[in-house]
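Only one structure is covered here, and it is reproduced in the block below.
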Amino acid sequence: MQNNIERYQRQLSLKHIGENGQQKLFSAKILVCGAGGLGGPALTYLAAAGIGNIGLCDFDVVSPSNLNRQILYTPEEIGNRKACIAKSKLEKFNPDVKVTAYSEKLTENNAGDIFKNYDVVIDAVDNFSSRYLINAAAYKNAIPLVCGAVCEFEGILTTIAPKENTSCFQCIYPFKPSTELTSKTFGILGAIAGTIGCMQALEAIKLILGLHCLKNKVLIFNGIENTYRVKDVLKRDTCEICR
């Protein structure tokens, strides 16, 4: 990586990064769960920043309906594994980066074994069942977690830091919706997923650099009005995950 340092000159000139910060990014290990509408831009900007070790976990294949928002894929790749495609493209985009692909579904049995190899986890999945599982595994293994979610023209973002005993995703959404909300059951504009996915990459990078993050807060983005609101999140005394 040091031989390609010119690639990172614009970051090295930032007072919050510099050579020491860039070395932290080179040494960092970040896992992205989901390589779709949120995960695609998150993965791309993590690779662009020079995150040395990137993991991506996605067991799905590319389908035509993905292509309005999942920017890593092309029509020619329909039917192929997302994890394998994303790994190949990210490594070509930045040869400095080592990418590990997990083409398997996350479960209670394997999440901990995967998560323990990383400094930060990004939740870029599209359903509540997986979000609850990722939240519980991250808290149990004391790994910082950046959560993002989108629906129609809106998106949310929050950062969870178990070692600091922050509130968790289940504090924000203590009850699973009666109707499962997934990318298959609601509409979404691709640019909304891109906006939140980029912000997830930013939060993960800030965690590595020790900068201010959205801990105990949730950012709510309204794409119609182009507004951002940041609300405090109270840790629930009855939360089964982080109490």
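The values are calculated or read from the model by the stated rules, or taken from the named source; none is laboratory data. As the structure is a prediction and not an experimental result, all values here were calculated from the model. Here the Cβ positions follow ideal geometry from the backbone for every residue, glycine too, while neighbour counts run over all protein chains shown.
Of all residue pairs spaced 6 or more apart or on separate chains, those with beta-carbon atoms under 7 Å, a first member in segment 207-229 that is among the small types (Gly, Ala, Ser) and a second member that is part of a strand (DSSP E or B) are Gly223/Glu154. Of the candidates Thr166, Thr159, the single residue that is more than 16 Å from the chain's Cα centre (by Cα) and either more than 19 Å from Arg69 (Cβ to Cβ) or part of a loop (DSSP other than H, G, I, E, B) (or both) is Thr166. Scanning segment 138-155 for residues that are in contact with a Phe, Trp or Tyr (Cβ under 7 Å, 6 or more places away or on another chain), within 20 Å of Lys231 (Cβ to Cβ) and surrounded by 21 or more Cβ atoms within 10 Å (Cβ to Cβ) yields Cys147, Gly155. Of all residues in segment 32-52, those being over 14 Å from the mean Cα position of the chain (by Cα) and free of Cβ contacts under 8 Å to residues at least 60 places away in the same chain number 3.
Taking the conditions (1) outside any helix (DSSP H, G or I); (2) farther than 14 Å from Ile196 by Cα in turn, Phe26 satisfies each one other than (1). With the condition kept exactly as written, say whether any residue in segment 43-58 is surrounded by fewer than 15 Cβ atoms within 10 Å (Cβ to Cβ) and outside any helix (DSSP H, G or I). There is no residue in segment 43-58 that is surrounded by fewer than 15 Cβ atoms within 10 Å (Cβ to Cβ) and outside any helix (DSSP H, G or I). Candidates in segment 116-130 are the residues that are modelled with pLDDT of 95 or more and surrounded by 21 or more Cβ atoms within 10 Å (Cβ to Cβ); of these, the one that is nearest to the chain's Cα centre (by Cα) is Ile122. Listed conditions (1) assigned to a helix (DSSP H, G or I); (2) modelled with pLDDT under 95 are all met by Ala138, apart from (2).
Within segment 201-229, the set of residues being in a strand (DSSP E or B) and either in contact with a Phe, Trp or Tyr (Cβ under 8 Å, 6 or more places away or on another chain) or closer than 13 Å to Gly155 by Cβ (or both) comprises Val218, Leu219, Ile220, Phe221, Asn222, Thr227, Tyr228, Arg229. Within segment 195-215, being more than 18 Å from Ala28 (Cβ to Cβ) and either β-branched (Val, Ile, Thr) or in contact with a Lys or Arg (Cβ under 7 Å, 6 or more places away or on another chain) (or both) holds for Thr195, Ile196.
When segment 59-72 is limited to residues that are touching a residue at least 24 places away in the same chain (Cβ under 8 Å) and in a loop (DSSP other than H, G, I, E, B), the one that is nearest to Glu152 (Cα to Cα) turns out to be Arg69.
Residue-by-condition table, conditions (1) among the basic types (Lys, Arg); (2) more than 19 Å from Pro41 (Cβ to Cβ); (3) without any contact (Cβ under 8 Å) to a residue 24 or more places away in the chain; (4) part of a loop (DSSP other than H, G, I, E, B):
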position	(1), (2), (3), (4)
Glu76	no, yes, yes, no
Ala83	no, no, no, no
Val99	no, no, no, no
Asn109	no, yes, yes, yes
Val121	no, no, no, no
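Applying the criterion of being β-branched (Val, Ile, Thr) and over 20 Å from the mean Cα position of the chain (by Cα) to the residues of segment 195-240, the residue that is surrounded by the fewest Cβ atoms within 10 Å (Cβ to Cβ) is Thr238.
For Asp113, state whether it is closer than 27 Å to Ile241 by Cβ, surrounded by 20 or more Cβ atoms within 10 Å (Cβ to Cβ) and at pLDDT below 95. For Asp113, the condition - closer than 27 Å to Ile241 by Cβ, surrounded by 20 or more Cβ atoms within 10 Å (Cβ to Cβ) and at pLDDT below 95 - is not met.
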